[in-house]
Each structure stands twice: as C-alpha cells, then as structure tokens.
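Have a look at the structure below before the remarks.
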Amino acid sequence: MEFKSIDIFCDVIDNYGDLGVTYRFARELKQALPHCQIRVFINKTDIFHVIIPNFIFKDEKHILDNITFIDLTKINSVFIEQLQVAELVIEMFACQIPDFYFNVALNSSNVIINLEYLSAENWVEGYHLKESLIPQGGSVKKFFYMPGLTPNTGGILLNSSIEKVKKELKLNPRSLLEKYTNPYQIDLSVKDLITISLFSYEKNFTSLFQALQSSNKPTIIFVFGEKSQKSIQFSLNSIDSKTYLENNFLKTQNVTFIQMPFISQDEFDRFLFCTHINIVRGEDSLARAILAGKPFLWHAYIQDNKYQLVKVKAFLDYFEQFFESASAFLNYKTLLNDFNNQLVASYEECLNEDYQKFLNNLNEISHATEKMSYFVAQNCNLLDKFLKFLDVL
Amino acid sequence: MKEAQDLRVGNTVKIGNDLHIILKALYNKGARGASSVKMKTKNLTNNSISETVYRASDKFEDVVLERRKMQYLYETNGFYTFMDNESYEQMDLNADDLGDALNYLQEQMTIDIILYGTKAVGVELPINIEAEIIYTEPAVRGDTSGKVLKPAKIATGYEIQVPLYCNIGEKIKIDTRTNEFVSRVL
C-alpha cells in the first residue's frame, strides 16, 4: 500500500530517548518517502534543543528536514475543525493518540501502527506484525511493530549514512574528538590512550574510576547529559566535583573528564564510532552503540523490582553468540548484571562492580561487538522491514 | 470497561459489532512500564480464530453473557426448538448456532445456551453424555491385528471410536470436550 501522508504521535514521558528515536525515525522515513507528507505530533517541545542544539521550539509548529513538527499542547479548535488525518498513523511506544484525532482516524485512516520499544527478549518475535483489533470497530486496521535484534523482528534504525560515516572516521579517527579536546590542549596521540563516552542514568561510578586509576593508562571520559554529569560529580570527591562543575573539565591523575555540550544526533552517533569504549543508556543509544561496534556497557532504564535485569539478561543471551571466548563473555555478563543491579536510580549506591576484567578483556569484547554490529546491519534494518510491511498491507 | 491486562481466558469482549471469547492471554512487560498482551480469541459471530496483540491499557467493553439451561424439544425445517425448564419460554436455534453440539443433540437433552441479550452466541453441552450405539462392526474372535478401537455410530449419526467389546444397542458415555469414549453405561 502506498501512503501519501503519515502522522506520527509521540508522548515524551521522561528523558530524551523517545523524542530522539521519533526524530530519527521521521527523518529516515522522509528520506525514503520524499513525496509523502509527514507530521510529528509531540507533547513536549521544550527539549528539542537536546537533539538539535540551539533550536528553540517556540510556535505551535515548525518544519525541520521537510517534516512538520506540531506541539500537541498548542493545538486549537481551528486545527481540530480543519483536521485531516493521515492515511498512515504511527503511535510511538504505544502512546495514546488524542481522542479528537483517533475518533476521526477510526474511519478515515487506513492503518495505525504501534511502533514499540526495542527489546532483545524472545517474546518480541511472536508479537511482531500482529494485528490489534480495535474495540471501537471502525475501518482502520492496526498492527504492532516490534523493533528487535533478530531477522524475525522489526530491526533497529540504521543511520542511512552509516557506511559513509565509517569510511570518513577510518581515514581520520581522531578528527571528531579533537574538536572537543583541543580547547583543553589534550594530546590524543599519547600511547595507550583510552577514550570513553559516558551517557548514563543516575549511577555511582566510583568503582569505574578506581579501576581506571589502577590501570594507570591515560584516559579521557567524554560525559554526556545532566544525569551523567551529576553521576560523575557524586562519584568524585567533593573538591574535584566542585572543580568539574565549574569548568566542565577535570584532570585527575591519569583520568580526564570533559563535560560535553549538547550535540546533534548525527554527531553523537559519529562520536560512538570514535571512542574505545561507550557507556550508553536507554534503547536508542543502545542501538547506536551496537551499530558502532565498539565495546560498550548498557545502562538499562530502571524499572520496579529491578525488572531491568530481565531486559539485560535478554540482551546478554543474545550477545553471547558473538563471543569466541566463554570466559570473556562470563566476565562481561557478570559486570553488566552488576552494573544494572539498581533498585532505584541513585548516585550514591555503589555497586562495587569489577571493571578490571572488562578492561582486560577489551580485545575479545571488541571482536564480539564488531561481529554483532555487522550482523545487525545486515539483518535488522528497521526502515527496510517497515517499508516492506507497508508494501504488503 | 476492562483493560486488556485484566482479561482472562473465558472472558468475552465486544470488538466492533462482534463478540470475541478469549481463548488465550499472554502478558509481557515492555520497556518503561509499557506492556502488551497477546491474545487468541474466537469471534462468536463467524467462529474465526485470531491471534492479536494489544496494549495492556487498551479498553474493552466487558460483556456479560447470560447462561440458561434449556431442554431440546424437536427439530422442524432446520430449526431446533428449546424450552427453558423454569420459565417454559421457547427459543429456536439453527444449525449454525448449534455447531458441533448437533453431533450429540438428542430430544429432551438439557444444554446451556449462552445469550447476549436475546441472541444466542454459544451453546455448551454437558461434559459427559450418554448415547446408544446404533451401528458398529462386531469384534472378531481371534483378531490379533492389535487394534483396540473401532468406529461406532450413535443415534445422531455421529461416529466415535469405541473399544472392540462394544456392541449395537449398548449405551455408552462420551466426553463431549474430546469426543472420546469414557465407559459403557451398565
């Protein structure tokens, strides 16, 4: 089925991931379907600057990348009176479409798709592309679309320019990092340098810093986002944390911290290709880290009763197939479970993770992440699968 | 209204104009607390089976069905007449309404008729019924072929598998859920 119009709804709950994925998805769709009118309805527009630096969403709508973004909270009765619903409606992450829209879409739209959160769990395959009968009836058909990491799921969003980015960065791997280290006159050519990107929820990193200090290797940690910043602050001693906050920069023995400004999605994606290790949070950054193919640690969104450990286990069960060394995987598995063993989001709680084995196994982990990256890029292209599904509707 | 996460096997919900009975419901927790429910349902209007997925918070009209015990009286021109044993009210159902129950339906048999308003949406036979064998091949003495069951026709014309020792004229007990022989009625 060909669609001339697509409306995407996103209800941002917390953090920026929901908006980030929606923006990324809308852009990729627009590139693939340039003649299709695409609108994105969003309930929280004051966080746009996080994914598009310096952009302020002032009015009720803006056009970015030929996509119309509409502030749901500013929709007025004139808009509703003149409302034309799209042929294809996408609910991001099972959000609730507003009644004024849904009641019209029930008999005027062709298809509604619920595009869910990414998960590595086995049950995802059984839910993918299943129809969801609408209790109110109507002529519109609704389906569930389940992102995942296997060929039988909906895949993940690949950056359409991923191959181009990889080639550029292979030619000059330090060019992007230098943009952010040059102001501090840091030499990226030093021997045995380790570079780490850190984008986490609330977490205590004392054990990590101790392990890095023990290694005695020159290390630069690029810190992204406010929660990561506060995590660093709490994990350092009080003198250091004050200095760090004041200057967005701190050099301790062998570890240097640089607090990063907000950068665009594209730039963040490139960044993950450039560092030796990535620490990421949520689903979108996990997908980016997988595609970057570098060793990474995933900070899963903390849920009640440590339910995030179920998600972590599913990911580990999937990741294991890419390891050649059973002992390296076991060490990684232990660390990732400990890393995520938080009951609540907390800066104070120290989980005493053993990072040393992770640092010692970087080569083996790197081989595994490279293999996983290749597999996912070859078999799990969400956009391709999504468009194929639209074709068969 | 009931949410998808509250639905259980045996519940009946209204989807559009059709009633669906839940045959299976599986709940899974997604990310950020968003959860989904996979269901197998049977459309009571056309008997089609669907496997569908819902958000845990999707709302359904909770359908309350009435169950009445009614005695089968007779059949005329393709309509089967039943009588409510308490109110003596009569109701006609057709073959589509009765479905597989016709395999065992005999005059004066009491069954459960499930109603949505005044419309019959399902029937339920007793778990076990008794029926007379009207035809079966006799067992052959010395038959060492190893067969333990043989086909037997009951009064409604329906055929089930019975042990070799069962004969024409004998009454047998049948499990209507599995269509299996239970025992002879002595």
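Assorted remarks:
- Verdict on B:Val162 being assigned to a strand (DSSP E or B) and under 18 Å from the mean Cα position of the chain (by Cα): no
- Every residue from the range A:339-393 that is among the aromatic types (Phe, Trp, Tyr) and not in a helix (DSSP H, G or I): A:Tyr347, A:Tyr355
- Scanning the range A:142-167 for residues that are outside any loop (DSSP other than H, G, I, E, B) and either closer than 15 Å to B:Ser36 by Cβ or within 11 Å of another protein chain (Cβ to nearest Cβ) (or both) yields a total of 4.
- Filter result (hydrophobic (A, V, I, L, M, F, W, C) and in contact (Cβ under 8 Å) with a residue 60 or more places away in the chain) within the range A:79-90: A:Val85, A:Ala86, A:Leu88, A:Val89, A:Ile90
- Residues that are surrounded by fewer than 15 Cβ atoms within 10 Å (Cβ to Cβ) and of a type in the set (D, E, K, R) were ranked within the range B:52-70; the one that is modelled with the lowest pLDDT is B:Asp62.
Residue-by-condition table, conditions (1) surrounded by 17 or more Cβ atoms within 10 Å (Cβ to Cβ); (2) more than 30 Å from A:Glu226 (Cβ to Cβ); (3) not basic (Lys, Arg):
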| site | (1), (2), (3) |
| --- | --- |
| A:Ser5 | no, yes, yes |
| A:Cys10 | yes, no, yes |
| A:Ile13 | no, no, yes |
| A:Leu19 | yes, no, yes |
| A:Arg27 | yes, no, no |
| A:Gln37 | yes, yes, yes |
| A:Phe41 | yes, no, yes |
| A:Lys44 | yes, no, no |
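- Unique residue being in contact (Cβ under 8 Å) with a residue 12 or more places away in the chain, more than 21 Å from the chain's Cα centre (by Cα), crowded, with 20+ Cβ neighbours inside 10 Å and within 14 Å of chain B (Cβ to nearest Cβ) when the list is A:Ser132, A:Ser235, A:Ser139: A:Ser132
Here is a yes/no grid of residues against (1) more than 29 Å from B:Leu26 (Cα to Cα); (2) surrounded by 15 or more Cβ atoms within 10 Å (Cβ to Cβ); (3) in contact (Cβ under 8 Å) with a residue 24 or more places away in the chain; (4) acidic (Asp, Glu):
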residue	(1), (2), (3), (4)
A:Asp71	yes, yes, yes, yes
A:Ser77	yes, no, no, no
A:Met92	no, yes, yes, no
A:Gln96	no, no, yes, no
A:Ala105	no, yes, yes, no
A:Asn110	no, yes, yes, no
A:Tyr127	no, yes, no, no
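- Flag for A:Lys227 being within 21 Å of the chain's Cα centre (by Cα), modelled with pLDDT under 95 and not aromatic (Phe, Trp, Tyr): yes
- Taking the conditions (1) of a type in the set (S, T, N, Q); (2) away from chain B (no Cβ under 11 Å); (3) under 19 Å from A:Arg288 (Cβ atoms) in turn, A:Ser119 satisfies each one other than (2).
Conditions tested, residue by residue: (1) among the polar types (S, T, N, Q); (2) surrounded by fewer than 13 Cβ atoms within 10 Å (Cβ to Cβ); (3) over 16 Å from B:Glu180 (Cβ atoms).
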position: B:Asp84; (1), (2), (3): no, no, yes
position: B:Met91; (1), (2), (3): no, no, yes
position: B:Asn94; (1), (2), (3): yes, yes, yes
position: B:Asp97; (1), (2), (3): no, no, yes
position: B:Asp112; (1), (2), (3): no, no, yes
position: B:Leu115; (1), (2), (3): no, no, yes
position: B:Ala131; (1), (2), (3): no, no, no
position: B:Thr136; (1), (2), (3): yes, no, no
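- Selection within the range A:287-338: residues that are basic (Lys, Arg) and part of a helix (DSSP H, G or I). The member of this set that is farthest from the other protein chains (Cβ to nearest Cβ) is A:Lys333.
- Entirely in the range B:1-83, the strands (runs of 3 or more DSSP E) that have 3 or more residues that are within 11 Å of chain A (Cβ to nearest Cβ) and within 22 Å of the chain's Cα centre (by Cα): B:12-15, B:35-43
- Residue count for the range A:337-357, restricted to those that are surrounded by 19 or more Cβ atoms within 10 Å (Cβ to Cβ) and modelled with pLDDT of 95 or more: 3
The values are calculated or read from the model by the stated rules, or taken from the named source; none is laboratory data. Note that this is a predicted model, so its numbers are computed, not measured. Heads up, the Cβs are rebuilt from the backbone with ideal geometry, glycines too, and the neighbour counts pull from every protein chain shown.
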